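Peer 1: Dropping a structure here in structure tokens format, bear with me for questions.
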Amino acid sequence: MKPKITVIAPVYNVEEYLEKSVSSILDQTLDDIEIILVDDGSSDGSGLIIDGFVAKDKRVIGLHQSNSGAASARNTGIKKAQGEYLYFLDPDDWLEKDMLQKMYEFSEAHQLQLTITGFTNEYYEGGKSFSVKNVMPKRIFKTQNEFRMHAHEYLNNTFLAVPWNKLYKTSFIKNNNLEFPQVKWDDLHFNMEVIRNINRVGVLNISKYHFFRSRPGSETTKVFNEKLFLNRQQQFKHILDVYDEWEVSNDDILKYVYNYYALRMIQLTQEIADNDMAIDEKKSYVKRILSDSLTQLAFKRANNNQKFIGLLMIPYKFKMAKVVLVIGKAISFVKSHFSVVFYKFRMNVQKNKE
């Protein structure tokens, strides 16, 4: 008999967190599950920890492969999965005990191909630990078109981007040959393909997944990766491709979609402002981003209900590189010195709330 859920975790050098993460799955109130832990060529003790779990619990399957990335590890797990549903765990996070039970019962009750839940962001900033919950109202989308007209509401707040707040119907994933691609932010690319032709989607208003956004010893590096701009372009073009296929022409929806990219460009220029490169190099990068046609289209069409953000976008529309760098530095200062306020405000911005 098939297990109700297959939990898949790509594991790479997370020995410090793996025990707590996997234990939170083994302790679930829904125990009719299989757990596939894919060791992606770890060089620490993660592989041995996996073998220990396999020896202790017959529900655990341990697989070992050479380092190929999280996407490859997840795909390995999909091929092996026997459960009615798929759940993807990040092995440095953890779940509350009844999360999978609630997701499974909700999915079964409404015959869903995809269930999306809220989550709790865990931060360690400025020597302090704090949590911020991210929840959306409970909702059932019974038709393909109904979901398409509301998918944008879940785009900008991490709800669509990640796999660990979702329960996927295994038959839907396998029948459509869906896999995680070998690209930056493979999870959003995967989820855009999942929703491209999906019919029944539900949103469950719980926040029982705890996601480490930042932790002690993992403060953000100030080295800027110049590929990030191209990766963001690739990501957003994928989103636009799906919306084009859906033939969505509603201007209010498209304003929200373009707002997603505009906010990513603000974040990107903030990271440039905060890194250690020379000022002339920073200006050069920012000018390149602001002059890009997709960037300009995004800031022209974006609409954010936060009036402050609307004002903030003006220098971006007019390609004012120096002002944009000053804004970036100011954002970094607030983020560093008023972390709790910053992340709560950012959540409202992402949800496009007044």
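The values are calculated or read from the model by the stated rules, or taken from the named source; none is laboratory data. These numbers were taken from a predicted model, which means no experiment stands behind them. For neighbour counting, all protein chains shown are included, and Cβ atoms are generated from backbone atoms with ideal geometry for every residue, glycine included.
Peer 1: Can you pull out the residues in region 288-324 that are hydroxyl-bearing (Ser, Thr, Tyr) and over 25 Å from the mean Cα position of the chain (by Cα)?
Peer 2: Listed by number, the residues that qualify are 291, 293, 316.
Peer 1: What number of residues within region 212-250 are at pLDDT 95 or above and among the β-branched types (Val, Ile, Thr)?
Peer 2: 3
Peer 1: Considering only region 34-49, how many residues are aliphatic (A, V, I, L, M) and touching a strand residue (DSSP E or B) at 6+ places or on another chain (Cβ under 6 Å)? Give the derivation first.
Peer 2: So the first thing to find is which residues in region 34-49 are aliphatic (A, V, I, L, M), and the list is 35-38, 48-49.
Those left that are additionally touching a strand residue (DSSP E or B) at 6+ places or on another chain (Cβ under 6 Å): 35-38.
Total meeting the criteria: 4.
Peer 1: Among 280, 292, which is the only one that is out of contact with any strand residue (DSSP E or B) (no Cβ under 8 Å at 6 or more places or on another chain), surrounded by fewer than 13 Cβ atoms within 10 Å (Cβ to Cβ) and either under 30 Å from residue 122 (Cβ atoms) or assigned by TED's automatic domain parsing to the domain that holds residue 259 (or both)?
Peer 2: Result of the check over 280, 292: 280.
Peer 1: How many residues does region 18-46 contain that are hydroxyl-bearing (Ser, Thr, Tyr) and surrounded by fewer than 18 Cβ atoms within 10 Å (Cβ to Cβ)? Write out each step before concluding.
Peer 2: From region 18-46, those hydroxyl-bearing (Ser, Thr, Tyr) are 21, 23-24, 29, 42-43, 46; that's our starting set.
Among the residues that remain, those that are also surrounded by fewer than 18 Cβ atoms within 10 Å (Cβ to Cβ) are: 23, 29, 43.
Final tally of qualifying residues: 3.
Peer 1: Which numbered condition trips up residue 1, out of (1) modelled with pLDDT of 95 or more; (2) out of contact with any Phe, Trp or Tyr (no Cβ under 7 Å at 6 or more places or on another chain)?
Peer 2: (1) is the only condition that residue 1 fails.
Peer 1: For residue 97, indicate whether it is under 24 Å from the mean Cα position of the chain (by Cα), among the charged types (D, E, K, R) and in a helix (DSSP H, G or I). Reasoning before the result, please.
Peer 2: Details: under 24 Å from the mean Cα position of the chain (by Cα): yes; among the charged types (D, E, K, R): yes; in a helix (DSSP H, G or I): no.
Taking the combined requirement at face value, the residue does not satisfy it.
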